Amino acid sequence: MTRLVAVSNRVAQPNTDSKSAGGLAVGVLAALEEYGGIWFGWNGKTTQGEPGDPKLDQVGNITYATIELNERSFELYYNGFSNTSLWPVCHYLLGYFRYDHREYDEYRRVNALFARKLLPLLRPSDIIWVHDYHLIPLASELRRAGIKNPIGFFLHVPFPDIEVLRVLPVYTQLLRCLCTYDLVGFHTQSDLRSFNEALSQDEFGGITLADRRRPSSDQLVHTGVFPIGIDVDDCQQLAQVAHLEDKTRRMVRNLRDRDLIISVDRLDYSKGLEARFRAVERLFENYPANRNQVSFIQIAPTTRAGVRGYTDIRHALEQATGEINAEFADIDWAPIRYLNRAFDRGTIMGFFHEAAVGLVTPVRDGMNLVAKEFVASQDPKDPGVLVLSNLAGAAQELTDAVLVNPYDIDGVADGIHRALRMPLGERKERYDSMIAVLRKNDITAWRTRFVDTLIAAHEHVRLVS
Ligand code: F6P
């Protein structure tokens, strides 16, 4: 029987803190539940010695196969090359970029380790689906070890323009690694375009036609656009249940009939949080009628605490919250509530259901599923409005959101004000159009299209080689 073997840096194991489950985790889990198989990756813990064999936990039709990471690997591979070189490059944020060849060497070593630990678990009929920027070289390691199975790769972050990618001294090696997959998938057409342009830059990068062919085949790497989606019904049900629950009711009581603007993000500099806080401040400056009528809640749990840029953003937000509240607060109202902690998904959907505005303004994002979840959680008869960054992948699908440029503080304030004043008829029209897109490109469409395309791509290579 065909099994799906999903490989990602982090595995969201059951009975652990599922609050932190991001888009990748929700999507991978749904795919595995459908096909059955293995989810292989890091368990989030570190060890001083070398990691042992994978720990196997069977839950239903899924085997969670997890390993620890050596402390040095965590520092150099995860905090280092993955999150201080690749992450800033993929998000066009070169102010946070640093390159150190020791970190890249460890990145390659950890990918080789992942391949070694995964090998004994594989069967010839498995379909292997590798996720995200931490694991670009994994297919080349598996192929070197003789694995002939279909291997696909999906990039959950943006693929940068070649002019940005070129700051990475090892970018041609990574491009060659990507070409060893049967299929490489992206969220958007622009990511795919950037990838193709990078591959065609022969004169700079030295990527030859031969590099773009898979080993032992004359075929160029197959690529595709597969925008990740959500389970719309699941979000709606979670919102329905949660909006009646104690936490949501307490939050609503506290609003005292004021409109709610809500944002939920990992505490990450790519999410544009500081500029967003300043846009809320500008809303109260430019449109004083909103003072004491609107409350902004930002939920932002800490992530990647070992990476410098992430500590800085935390301090910047604490300072901005203090300044804005000091300037505008009244005896019965604080304009901003900044919660530096995680809530479970259900509670978040309940909060979304109550909000007049969902404010999602990353300065760059592969997709941003929070934007999609906000829309899905709305009451169709009285929906809130999504204010969305035009630099998030989701903006290419959710064109009926109020689209803003996250760097334009006044423009974002205008967008929020417009959303707060939007008549019911227009809100419903925008909601109807966006929910139709969400249903068409939902989580099932994402995984089915990717897996079907991967099988076809692999079959094609097998036949012609
Ligand atoms: O956005 C990229 C991504 O890998 C998501 O898919 C995931 O939810 C998130 O980052 C989590 O990052 P980390 O594992 O570093 O906490």
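Helix 246-255 versus the longest principal axis of the chain: what is the Cα-based angle in degrees, 0 to 90, to the nearest 10?
Relative to the chain, helix 246-255 is tipped by roughly 50 degrees.
How large is ³J(HN,Hα), in whole Hz, for each residue of the range 448-459 in order, when computed from phi with the Karplus curve 6.51 cos²θ - 1.76 cosθ + 1.60 and θ = phi - 60°, using x for Gly and Pro?
5, 5, 5, 5, 4, 5, 5, 4, 5, 5, 5, 4
Report the label-to-label distance for Arg291 and Glu50 in nanometres (one decimal), using points 7 Å from each Cα along the Cα→Cβ vector.
6.6 nm
So, with +1 on the Cβ of K and R and -1 on the Cβ of D and E, and no other charges, what is the size of the charge dipole of the chain about its Cα centre, to the nearest 20 debye?
800 debye
In the full protein assembly as shown, how much of Glu318 is accessible to a 1.4 Å probe, in Å² to the nearest 10?
90 Å²
Note the full-extension length gain between Ala445 and Glu274 as 0.36 nm times their separation in residues minus their Cα-Cα distance, in nm to one decimal.
Taking Ala445 through Glu274 to full extension adds about 58.1 nm, to one decimal.
Do you know the relative contact order of the range 232-439, to the nearest whole percent, from alpha carbon pairs under 8 angstrom that are 6+ apart?
26 percent
Can you give me the solvent accessible area of Arg314 with a 1.4 Å probe, rounded to the nearest 10 Å²?
Counting only protein heavy atoms, Arg314 exposes about 90 Å² to solvent.
Using the beta-carbon distance between Ala326 and Asp246 and R0 = 30 Å, what value does 1/(1 + (r/R0)^6) give for FRET efficiency, to the nearest 0.05?
0.45
Before anything else, pin down the relative contact order of the chain: Cα pairs under 8 Å, at least 6 apart, normalised by residue count, whole percent.
15 percent
Largest first, what is the accessible-area ranking of Lys271, Lys381, Lys428 with a 1.4 Å probe?
Ranked from most to least accessible, the order is Lys381, Lys428, Lys271.
What trypsin sites (Lys or Arg not before Pro) does the range 69-145 have in DSSP loop regions with at most 14 other beta carbons within 10 Å?
Arg98
Where does each of Val225, Val412 land when they are ordered by accessible area, with a 1.4 Å probe and the largest first?
Val225, Val412
For Glu33, Glu103, write out the residues from largest to smallest accessible area, computed with a 1.4 angstrom probe and no ligands counted.
Glu33, Glu103
Between Leu121 and Glu34, what is the spin-label point distance in nm, taking each point 7 Å from the Cα along the Cα→C-beta axis?
Distance between label points: 2.1 nm.
Pop out the carbon and sulfur fraction of the accessible area of the range 1-159 as a percent, whole number, probe 1.4 Å.
Here it works out to 51 percent.
Using a 1.4 Å probe and ignoring any ligands, DNA or RNA, find the accessible area of Val294 and quote it in Å² to the nearest 10.
Roll a 1.4 Å probe over it and Val294 shows about 0 Å².
Using each residue's phi in the range 412-417, evaluate 6.51 cos²θ - 1.76 cosθ + 1.60 at θ = phi - 60° and report the 3J(HN,Hα) Karplus result to the nearest Hz, with x for Gly and Pro.
5, 4, 4, x, 5, 4
Determine the calculated [θ] at 222 nm for the chain from helices alone, applying -39500 (n - 2.57) to every DSSP H run no shorter than 4 residues and normalising by the residue count; nearest 500 deg cm²/dmol.
After summing the helix terms and dividing by residue count, I get -13000 deg cm²/dmol.
Give me the dipole magnitude in Debye, nearest 20, for the range 232-439 about the Cα centre, with unit charges on the beta carbon: positive for Lys and Arg, negative for Asp and Glu.
Taking the Cα centre of the range 232-439 as origin, the dipole is about 320 debye.
Cβ under 9 Å from Lys428's Cβ, Lys428 left aside: what net charge do those residues give with Lys, Arg +1 and Asp, Glu -1?
Taking every other residue near Lys428 into account, the sum is -1.
Between beta-carbons, use under 13 Å as the cut-off and find the net charge around Val280, counting Lys and Arg +1, Asp and Glu -1.
-3
Could you state the accessible area per residue of the range 232-439 in Å², with a 1.4 Å probe and every protein chain left in place?
Per-residue value: 40 Å².
If you average the alpha carbon positions of the range 269-339 and of the range 91-110, how far apart do those two centres end up, in angstrom?
Cα centres, the range 269-339 to the range 91-110: 30 Å.
The values are calculated or read from the model by the stated rules, or taken from the named source; none is laboratory data. Just so we're clear, the structure is a prediction, and the values are computed from it rather than from any experiment. FYI the Cβ positions are ideal-geometry reconstructions off the backbone, even for glycines, and counts take in every protein chain you see. Just the protein is used for accessible areas: all its heavy atoms, side chains included, with ligands, DNA and RNA removed. Shrake-Rupley method; radii C 1.70, N 1.55, O 1.52, S 1.80 Å.
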